[in-house]
1. With the condition kept exactly as written, say whether any residue in the stretch A:217-224 is more than 14 Å from chain B (Cβ to nearest Cβ) and under 29 Å from the mean Cα position of the chain (by Cα).
2. State whether the residues of the stretch A:332-349 include one that is under 18 Å from A:G208 (Cβ atoms), more than 8 Å from chain B (Cβ to nearest Cβ) and in a helix (DSSP H, G or I).
3. Give all pairs with beta carbons closer than 7 Å in which a residue from the stretch A:142-167 that is farther than 24 Å from A:I115 by Cα meets a residue that is among the charged types (D, E, K, R); count only pairs at least 6 apart in sequence or on separate chains.
4. Only one of A:I228, A:I241 is at pLDDT 80 or above, assigned to a helix (DSSP H, G or I), assigned by TED's automatic domain parsing to the domain that holds A:V279 and in contact with a Phe, Trp or Tyr (Cβ under 9 Å, 6 or more places away or on another chain). Can you tell me which?
5. Being facing chain A (nearest Cβ under 10 Å) and either under 30 Å from A:L365 (Cβ atoms) or touching a strand residue (DSSP E or B) at 6+ places or on another chain (Cβ under 9 Å) (or both) is true for just one of B:V110, B:V100. Which residue is that?
6. For the stretch B:172-200, what are the residues that are more than 29 Å from B:A135 (Cβ to Cβ) and modelled with pLDDT of 90 or more?
Amino acid sequence: MTAIEASAAAGSSTFDRLGLLAAGVAISGLALGPFATLKPNRILDGAPVSLFAALSPPVAAAVMLLAAAAAIVVALRTPALLRLLAGLAVAAALLIALGTAPSHLVARDDMLARIGPGWGFWLAFLAFALVASDAIVRLRLRPLMRVAALALVLAGAGALFASGALDDLSLLKEYAPRAQAFWSEARTHLLLSFGSVAAALTLGVPLGLACHFSPRFEGPALGFLTAIQTIPSIALFALLIAPLGWLAANLPSASAVGISGVGIAPAFVALTLYALLPVVAGVASALASTPRDAVEAARASGMTERQALLLVKAPLAAPRLLASLRVTLVQTIGLATVAALIGAGGFGTFVFQGMGQTAIDLVLLGAVPTVALAFAASVALDAAAEAAAR
Amino acid sequence: MNVAFVARVALIVSVAAFLAAPSIFEPLLRSLAPEGAPVIYRHANLAELTALHLGLTALALAASALVGVILAISVTQPWGREFLPLSRSLANAGQTFPPVAVLAIAVPAVGFGAEPTLIALIIYGILPVFENALAGLGRAPARALEAADACGMTRAQRLRKVELPLALPAILAGLRLAAISGVATATIGSAVAARTLGEVVFAGLASNNLAYVVQGAGLIAALAILISDALLAMERKAAEAFPV
């Protein structure tokens, strides 16, 4: 620690600078910004509504008191567990309070009006969510505990949505008439993203092994896959329409298994091609990075090439492979939204429909689950990579 | 002269030829267009759309490079180090956000057109620049930093003369990733009425004209590959100039 750092740490011993910033942002958001927006219908612009106007006086006072107490906790240097609980408690309380705004603001028979969060709500919510995620980093949880914490938060959020407390909010009003479509698009999105990554793994692991054992193959193979990865998603989807359409038209067995020019087939092929580069390069570089003495020790103890690969190189390479798989999966989950443009379905369907109708809540109905899915996949694989490294 | 070089020159020549005189390529694309439908996209000049596409990407890239590098410098200085773990996890979380969603959410704030696309491009470009600049700033070996301090350099001088040059290859690598995702996001920007080459692809998808789809997508793919190649060459030059 340098002298400057030491004095900085000593100077701020009572306050936590990050917490101070987050508390300031959250409280000013709640006090000054609109807590909710009120739209006459789903397309028109919203009018801002302040915290005390949006909620009944006791609820508003309770929110403000809880937020102020939590702000003090996070602004001071407090134990990480306490900060985590404070962050999560306020985030949940804000959501529940927002859920009560529609019944306070809108007449029961007004079916068109939409209540959503205002930017004051977002500032406070994100600031406390940040404090909570920072607290999780500070707690240095073991991988399994991190996954358990993620599962708890997801279960809590799921319970909150299922309880009906948020049903009158604009996002859920978009969901209600589309509940069936939502879950079928969710299945498509999962099939597209996880299916194509699984396909890339099945193809990519042998290719990566080939790269590892034959450097002459590695150069051209990685060069080709890099070029593919450079091509923008919509262009690659579009360029695959023609060849797949030709296949479907000229090969009865292809159309029999559901391959056609538009829809899920070109999207699936394109996403698999994208995911191949990280898998192939990941396998090759992970295998190349296994320590030479470990491999030599294996040879000396009489292992065959194959045994050395399976018993020594593969376990040593696993953490790096899982790390590159994390990036691949997160990227594929995001790219799968674009597939909706060529009629493949998935959460992107709602995003592009919402864009077309300028209905932002419909956009969010597609975007929020995509982000949640990518985030959950990222945390889970990150934990898996760390567990494999132990 | 190797295969990759020949392929690159051929790509540049065909892009230039296509933009200068698209009708030369009409016989090639003819079979893809429906009977009686136009083969070459004529609603807008393809060269102009290409220029708009590249201009939008370049403008956003400049902004994200500036913001990303400044952010990375801030959190590696003594006064900003407290925010380093947080900004790391923020950048990680940001990458889980699909660019399409950023684009869609920017529309109500600024309206349709080039602006929401520019915002999405900038936000999405900051992340790779920031992450790579961070890795690059950490690349300076301790002995180089000690030598700089021993010469009596101030912190700012050390940053400018030692740390930033050593980080340049990594920053350029981040810029290349940002450029690739930028070309892609600018394409989707056509969905919110930004004037880019995506327009050609979308027109083709809407009217079932594969000739449009192929010429738009082919141009975009060629541009992305050429831009990535150029930035990769710069990255190698920088790594040679400032070896660690």
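The values are calculated or read from the model by the stated rules, or taken from the named source; none is laboratory data. All values derive from a computational prediction rather than experimental measurement. For neighbour counting, all protein chains shown are included, and Cβ atoms are generated from backbone atoms with ideal geometry for every residue, glycine included.
1. no
2. Looking only at the stretch A:332-349, we keep the residues that are under 18 Å from A:G208 (Cβ atoms), and these are A:332.
After this cut, where a residue has to be more than 8 Å from chain B (Cβ to nearest Cβ) as well, the list is A:332.
Subsequent filtering for residues that are in a helix (DSSP H, G or I) retains A:332.
Yes, the conditions are met somewhere in the stretch A:332-349.
3. A:P143/A:E386
4. Testing whether each residue is at pLDDT 80 or above, assigned to a helix (DSSP H, G or I), assigned by TED's automatic domain parsing to the domain that holds A:V279 and in contact with a Phe, Trp or Tyr (Cβ under 9 Å, 6 or more places away or on another chain) leaves just A:I228.
5. Every option except B:V100 fails the conditions.
6. Those that are more than 29 Å from B:A135 (Cβ to Cβ) and modelled with pLDDT of 90 or more: B:R195, B:T196, B:L197, B:G198, B:E199, B:V200.
The rows are residues; the columns are (1) more than 13 Å from chain A (Cβ to nearest Cβ); (2) assigned to a helix (DSSP H, G or I).
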position: B:G36; (1), (2): yes, no
position: B:A63; (1), (2): yes, yes
position: B:G68; (1), (2): yes, yes
position: B:I73; (1), (2): yes, yes
position: B:W79; (1), (2): no, yes
position: B:L84; (1), (2): no, yes
position: B:A104; (1), (2): no, yes
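Table: residues versus (1) part of a loop (DSSP other than H, G, I, E, B); (2) free of Cβ contacts under 8 Å to residues at least 40 places away in the same chain; (3) out of contact with any Cys (no Cβ under 8 Å at 6 or more places or on another chain).
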| position | (1), (2), (3) |
| --- | --- |
| B:A7 | no, yes, yes |
| B:A10 | no, yes, yes |
| B:V13 | no, yes, yes |
| B:A16 | no, yes, yes |
| B:I24 | no, yes, yes |
| B:A44 | yes, no, yes |
| B:T50 | no, no, yes |
| B:H53 | no, no, yes |
| B:A60 | no, no, yes |
